[in-house]
Amino acid sequence: MKCYECVRSGRDSEAVAVCRLCGAAVCTDHVRTEPVQLRGTAQPGKVIHDQPARQLTCVVCRAAEESP
Ligand SMILES: [Zn+2]
Ligand SMILES: [Zn+2]
């Protein structure tokens with residue numbers, strides 16, 4: 001599968017991930033990774049054993065999430 005963002009700009013890169021929000025396939029240049037805490041919030045003095053999960057999104061969805 002090709003990267004959706006690259007194809008739109010006339011390039012031809014192999015996709016390595018799929019955006020969990022819009023489903024677009026994205027290459028390493030266009031994928032955005034952010035750690036997400038699935039449950040529980042960090043509290044001072046309390047050890048959180050939960051491993052942070054991973055969320056892969058495309059640049060468009062990441063920008064949309066960051067905008068207020
Ligand atoms: Zn790309
Ligand atoms: Zn997306």
Query raised in the report: Filtering segment 50-64 down to residues that are under 11 Å from ALA17 (Cβ atoms) and modelled with pLDDT of 95 or more, which residue is surrounded by the most Cβ atoms within 10 Å (Cβ to Cβ)?
Result: CYS58
Report task. Take segment 8-21 and flag every residue that is within 14 Å of ligand 2 (Cβ to nearest atom) and over 16 Å from THR57 (Cβ atoms). Result -> ARG8
Requested in this report: Would you check if PRO35 is in a loop (DSSP other than H, G, I, E, B), modelled with pLDDT under 95, surrounded by fewer than 16 Cβ atoms within 10 Å (Cβ to Cβ) and away from ligand 2 (no atom under 13 Å from the Cβ)?
Outcome: no
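The values are calculated or read from the model by the stated rules, or taken from the named source; none is laboratory data. Predicted, not measured: the structure shown is a model, and the values here were computed from it. Heads up, the Cβs are rebuilt from the backbone with ideal geometry, glycines too, and the neighbour counts pull from every protein chain shown.
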